[in-house]
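Laboratory data are not the source of any read-out in this text; all were calculated from the coordinates shown. In this text the structure is predicted, and so the values were computed from the model without any measurement.
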Amino acid sequence: MNKTSTVRARIEPGLKKEVEDLFHKLGLSTTEAINIFYCQVKMRQGLPFPVALPNEKTKRVFEDTDKDQNIIHCSDVDELFEKLEI
């Protein structure tokens, strides 16, 4: 395949570094990762992951956790399940 088109995007530097480090661990270059993304979009005829706005309950949870409110802390998985009352 002849690669002759260029994609340019502005990315926050910290995010770019973190993601490129992950690509490196996966054995991918940024170009290869972008090509995979584009191929998936073409194949699925849309984004290869769900994109949705959070519902009201999720929005409240986000707001609470941003304020460090209504957070339940657990020291291990057993305590987590106890608190979940499963």
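A few comments on the model shown:
- Averaging 1/r over each pair of different alpha-carbon atoms in the stretch 1-51 and inverting the result gives 12.5 Å, the Kirkwood hydrodynamic radius.
- Computed from Cα positions, the angle between helix 13-25 and the longest principal axis of the chain comes to roughly 80 degrees.
- Alpha-carbon gyration tensor eigenvalues x 5, square-rooted, for the chain, Å: 37, 17, 16
- Pairs of Lys residues in the chain that lie 8 or more places apart, or on two chains, and have C-alpha atoms under 18 angstrom apart add up to 5.
- Cα-based helix-to-principal-axis angle, 56-66 vs the chain, degrees rounded to 10: 80
- Degrees, to the nearest 10: 30-44 long Cα axis against longest axis of the chain: 80
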